[in-house]
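Engineer: Have a look at the structure that comes next, please.
The values are calculated or read from the model by the stated rules, or taken from the named source; none is laboratory data. Note that the structure is a prediction, hence the values are computed from the model and not measured. In this analysis, Cβ positions are derived from the backbone assuming ideal geometry, glycine residues included, and neighbour counts consider all displayed protein chains.
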Amino acid sequence: MADKDTLRSHLKAVRASISEDERAAKSKAASDLALAELSETRCVAVYSAFRSELDPSPLVASLRAQGVAIAFPRVCRPSRVLEFCTIEDDGELAPGALGLLEPIPSLPPLAFHSIDAFVIPALGFDPRGQRLGWGQGHYDHTLAQCPLALRVGICFQEQILASLPCEPTDAQIDIVITDLKRYQGAPRPRGPLSREQT
């Protein structure tokens with residue numbers, strides 16, 4: 001199996017080869033599939049698409065139409081644990097430390113237990129829910145803080161590999177959604193959604 005850096009280079013090239021029109025159509029298809037997984041949530045953490053990432057904007061619009069609160073991540077250096085803030089419109093997002101759109105500094109972070117599900121990007125996933133990120137460890141460290149929340153990985157079908165190298169600190173993903181299909185990740189200990197905890 002190739003090492004992680006080799007796989008990252010390969011998957012970046014694969015993702016970049018998808019045309020803008022294809023990305024838009026595939027993003028909508030994946031968002032439609034992901035919506036079904038999030039029907040019982042009150043608060044969902046998403047991400048702002050960066051460069052050639054799958055854009056979850058159609059999913060965000062559908063969730064908001066159903067009354068679901070939407071939270072976006074904010075990088076807080078030197079910590080590798082992300083903060084999430086509720087965002088009601090795009091005007092509350094601005095370029096942050098890594099060039100990503102993130103919540104403006106004046107917005108307070110949410111308590112992790114109030115987030116029912118995380119919609120998570122990656123360079124690649126495998127069918128059992130292993131994830132290959134950029135190597136910074138932000139999501140691995142963040143998801144370790146909220147093990148009860150549902151973890152939904154989302155990507156283009158081209159980003160699915162048969163298997164990925166993994167380490168004990170790599171966060172396991174519960175469900176992976178692409179523009180073509182749904183993959184059920186390996187079982188992991190989980191509890192009730194936060195609505196049942198409150």
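Engineer: How many residues does region 19-52 contain that are within 18 Å of Trp134 (Cβ to Cβ) and of a type in the set (A, V, I, L, M)?
Structural biologist: Qualifying residue count, region 19-52: 3.
Engineer: Return the total of residues in region 1-24 being part of a helix (DSSP H, G or I) and more than 21 Å from the chain's Cα centre (by Cα).
Structural biologist: Number satisfying all stated conditions: 2.
Engineer: Next up: Kindly check whether there is at least one residue in region 42-50 that is part of a helix (DSSP H, G or I) and either surrounded by fewer than 18 Cβ atoms within 10 Å (Cβ to Cβ) or in contact with a strand residue (DSSP E or B) (Cβ under 7 Å, 6 or more places away or on another chain) (or both).
Structural biologist: No.
Engineer: Same structure, new question: Restricting the first residue to region 28-39 and requiring it to be under 10 Å from Ile175 (Cβ atoms), which pairs with a second residue that is modelled with pLDDT under 95 and in a helix (DSSP H, G or I) meet a Cβ separation below 7 Å and a spacing of at least six or different chains?
Structural biologist: Going by the 7 Å Cβ cut-off, there are no qualifying pairs.
Engineer: Now a separate question. Among the strands (runs of 3 or more DSSP E) lying completely within region 60-161, list those that include at least 1 residues that are crowded, with 19+ Cβ neighbours inside 10 Å, among the β-branched types (Val, Ile, Thr) and free of Cβ contacts under 8 Å to residues at least 40 places away in the same chain.
Structural biologist: Numbers: elements: 69-74, 83-86, 93-95, 101-103, 117-120, 150-154.
Ranges flagged: 69-74.
Table: residues versus (1) at pLDDT 95 or above; (2) of a type in the set (Val, Ile, Thr).
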residue	(1), (2)
Cys146	no, no
Val152	yes, yes
Gln157	yes, no
Ile160	yes, yes
Pro165	no, no
Ile177	yes, yes
Gln184	yes, no
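Engineer: Could you give every pair whose Cβ atoms fall below 8 Å, whose first residue belongs to region 163-178 and is under 25 Å from Lys28 (Cα atoms), and whose second residue is at pLDDT below 90, counting only separations of at least 6 or pairs across chains?
Structural biologist: These pairs meet every condition: Gln172/Arg188; Asp174/Arg188; Asp174/Arg190.
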